[in-house]
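No lab work stands behind these numbers, since they all come straight from the coordinates. Owing to the predicted nature of the structure, the values given are computational and were not obtained by experimental measurement. A quick note on method: Cβ atoms are made from the backbone with ideal geometry, for glycine too, and the neighbour counts reach across all protein chains shown.
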Amino acid sequence: MNKRPRCRELPDSLGAALVMGGLRKGESVLIHNAGGGVGLAALDIAKKDWGGPTYGTASPGKHEFLRQRGLDHPNRLSQSGLVASAEAE
């Protein structure tokens with residue numbers, strides 16, 4: 001009989017990382033690579049469980065998609081740091 005190893009589900013791991021990071025309800029969250037698989041899962045958890053403003057880094061082509069998924073402030077990274085989206089207020 002071939003048993004498969006047990007794995008933690010991704011949201012549990014992300015939730016533990018957020019809790020261990022000391023995040024409190026209502027605090028803002030910065031998600032690097034928000035348009036990737038782990039970033040999208042982190043966004044879902046942050047919006048559902050913490051409710052604070054969400055910031056995320058992604059290429060400009062993903063900004064509208066991420067807004068539709070609930071990201072409050074999409075940004076991109078440059079060599080000098082974060083660059084706010086052109087549509088940001």
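Annotations
- Order of L40, L23, L66 - criterion: other Cβ atoms within 10 Å of each residue's Cβ, fewest first: L23, L40, L66
- The amide H of L30, built 1.01 Å from its N in the peptide plane, has Y55 as neighbours under 5 Å, considering only residues 5 or more places off or on other chains.
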